[in-house]
Amino acid sequence: MAILNELEDGGLAERRRDPADRRRHVVEITEAGAAALGRVDAAVGEAERELFGGLTEAEQTLLRGLLDRVVVNPAEHECGEWKVRRNKSGGTSPAEQSPAEQSAAESGELR
């Protein structure tokens, strides 16, 4: 609720009671919120272009595929260290790999 309160205070979102169910709230983005979101999207796009500009399209695809597999799951977290799921050979199984990762692994790029 604190984040929603801040968004409302900043004029970025508005909350109102759901007329069909007074126990619920309907939250909508305001015009100012949509404009702010557009500025954030543009800034993220620019940062990505700067960060990944030195990578080829294939490398960017591989990196995005690898990053997509990084998932924060509390059930996987123990004693401040992350458990890593590996197959018997110590790597991830091909069924868990994206096509870009499979290609990189087969070509020796991913070791």
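Points worth noting:
- Hits in segment 3-14 (condition: under 22 Å from the mean Cα position of the chain (by Cα) and exposed (fewer than 10 other Cβ atoms within 10 Å of the Cβ)): 3
- When residue 17 is tested against (1) surrounded by 11 or more Cβ atoms within 10 Å (Cβ to Cβ); (2) part of a strand (DSSP E or B); (3) in contact with an Asp or Glu (Cβ under 9 Å, 6 or more places away or on another chain), exactly one condition is not met: (3).
- For residue 37, the test of being in contact with a strand residue (DSSP E or B) (Cβ under 9 Å, 6 or more places away or on another chain) and modelled with pLDDT of 95 or more is passed.
The values are calculated or read from the model by the stated rules, or taken from the named source; none is laboratory data. Remember, predicted model here, so these are calculated numbers, not experimental data. Glycine also receives a Cβ, built like all others from the backbone with ideal geometry; neighbour counts cover every protein chain displayed.
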